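The values are calculated or read from the model by the stated rules, or taken from the named source; none is laboratory data. Treat the numbers as computed from the prediction; the structure is a model and nothing was measured. Here the Cβ is made from the backbone with ideal geometry for all residues, glycine too, and neighbour counts use every protein chain on show.
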């Protein structure tokens, strides 16, 4: 998923990122999966941060549906 596509088709972005993660979590639970390593772009979630590297407790400021969906996935995994 790319940011431009998420802006032009936010429903597709949510299907790929959010529903994709939920399907992975459900399947993982059925097979006894203990961990999921989730890669996410800090720039997508934190926007133009003033601090680099950006700490995880930095205020969330997603600027696109892509950033919103990635942050939503982090919340599901938390």
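Residues in region 41-53 that are surrounded by 15 or more Cβ atoms within 10 Å (Cβ to Cβ) and farther than 15 Å from residue 7 by Cβ: 42, 45, 46, 49. Residues 43, 32: which one is part of a helix (DSSP H, G or I) and free of Cβ contacts under 8 Å to residues at least 40 places away in the same chain? Being part of a helix (DSSP H, G or I) and free of Cβ contacts under 8 Å to residues at least 40 places away in the same chain holds for just one of 43, 32, which is 43.
When you check residue 71 against the structure, is it in contact with a helix residue (DSSP H, G or I) (Cβ under 9 Å, 6 or more places away or on another chain) and without any contact (Cβ under 8 Å) to a residue 12 or more places away in the chain, yes or no? Spell out the reasoning first.
On the way: in contact with a helix residue (DSSP H, G or I) (Cβ under 9 Å, 6 or more places away or on another chain): yes; without any contact (Cβ under 8 Å) to a residue 12 or more places away in the chain: no.
No: the conditions fail for residue 71.
Against the condition outside any helix (DSSP H, G or I) and at pLDDT 95 or above, how does residue 21 come out, does it pass?
When the stated conditions are applied, residue 21 does not pass them.
Yes or no: residue 68 modelled with pLDDT under 95, in a helix (DSSP H, G or I), surrounded by 11 or more Cβ atoms within 10 Å (Cβ to Cβ) and within 10 Å of the chain's Cα centre (by Cα)?
Details: modelled with pLDDT under 95: no; in a helix (DSSP H, G or I): yes; surrounded by 11 or more Cβ atoms within 10 Å (Cβ to Cβ): yes; within 10 Å of the chain's Cα centre (by Cα): yes.
No; evaluated as a whole, the condition is false for this residue.
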